[in-house]
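This report refers to the structure that appears directly beneath it.
Values in this text are rule-based calculations from the coordinates and carry no lab data. These numbers come from a predicted model, not from an experiment. Cβ: placed from backbone, ideal geometry, glycine included. Neighbour counts: every protein chain shown.
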Amino acid sequence: MRFRSQRLFVSPGHLAIVLTGLAMLSICSAITMGQSGATTELRPGIVIDPANNVAYTMTPEGVAAIDLASGAKRWTSSAAAKPLAITGNRLIAQVEPKTRTNRLELAVLDTRERGAVAVRSTAELPSFVQVTIGETIEGKFETEANLVANNAIVTWRFDRQPLRGIVEEAEVGATNVAEAQRAGAQRSVQGALQINLTTGAVSLADANLVADVSKRRWVVGNENAAVVAPTQYESADERHIVSSERIADDKTWAKYRWTVFERATNRRIGEFQTHLAFSPFVVRDTTLIYETTPYIRSGKAEPAKLRGVNLATGQETWGVEVRELVYRGPFPP
């Protein structure tokens, strides 16, 4: 497979141009791209493509294309780790670094060729940035993407996790204290890049092209007056409403009942019971797709999974293990 590669070095001076006005998406936010039928991000790392009835998601093996009806993996690619956005047959994804680095590598995968790499792009970020997939013990690196014409606007943010307290003179020497403190204070930085999806060319992005969707709202008012429930939530693509109601105490595992309605018509589609009060979701036909985080039940550990529930029967029909962005390991004292 031949592919084009483009590189860009982002200097601290140039970085200042794109810092103002950018807002990064939180791990629980979702973004809708374009008009009805456009792709939707269930959460960072899980991208829904309704036109092809598929979810592109992070798995332990790499990027996987999951059939939304059956849960079957249409294909898996180890060429990238985190799906960012999809347009047509081009899936923009972040490549996981093999070593510690400040270089952000992106790949455009051809979904018609089972995830073969069509284009690669790289950008060197400020030296203190550690590019990773999600959180680590040292900090959190985030990437999100939005589509503008034939370009992907990729926003990134790095938040360094301080592992030690105040820098002492005895540790670094009196002359180096100020420098060490300045480096320690540089704990958060963000920016944006524009990637040409055909050539892979990289340039600094105009901050005005990036929509501020960081304040994603899930809870909505009592839109469906026929349902008396304490809380109603909208789907990631805003096409459906879930009425979530607690129906049992903690002795019952699936103590919440989700009742699902089509938003435009208030038509009831179905219901099911789960242990979660809410999780971001989408509905395709009569299948509700949502994610559960890791849990232990009856002594058995269950990993994070993307799940499909048949709303006509209320039964789960498939579940696929997915990779999280959250660091769940120990922290130093």
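Couple of notes before you dig in:
- Total formal charge among the other residues, if their Cβ is under 9 angstrom from that of Trp156, Lys/Arg +1 and Asp/Glu -1: -1
- Cα→Cβ-extended label distance, 7 Å offset, between Ser188 and Asp249, nm: 4.2 nm
- Exposure proxy ranking for Asp237, Asp159, based on other Cβ atoms within 10 angstrom of each Cβ and starting from the fewest, stands as Asp159, Asp237.
- For segment 235-251, backbone phi angles converted through the Karplus equation (6.51, -1.76, 1.60; θ = phi - 60°) give residue-by-residue couplings of 6, 4, 9, 6, 9, 9, 10, 10, 9, 9, 9, 7, 10, 8, 8, 5, 6 Hz, Gly and Pro being listed as x.
- Entries in Lys98/Lys300; Lys82/Lys251; Lys73/Lys140; Lys82/Lys255; Lys251/Lys300; Lys73/Lys98 that, when Cα-Cα distance is taken, lie over 27 Å: Lys98/Lys300; Lys82/Lys251; Lys73/Lys140; Lys82/Lys255
- Amide H to amide H distances under 5 Å link Thr87 with Ile92, where only residues 5 or more positions off or on other chains count and H is placed in the peptide plane.
- Amide hydrogen neighbours beyond the local backbone of Val220, cut-off 5 Å, H modeled: Gln232, Tyr233, Glu234
- Short-range pairs are left out: with C-alpha atoms under 8 Å and at least six residues apart, the relative contact order of segment 219-321 is 17 percent.
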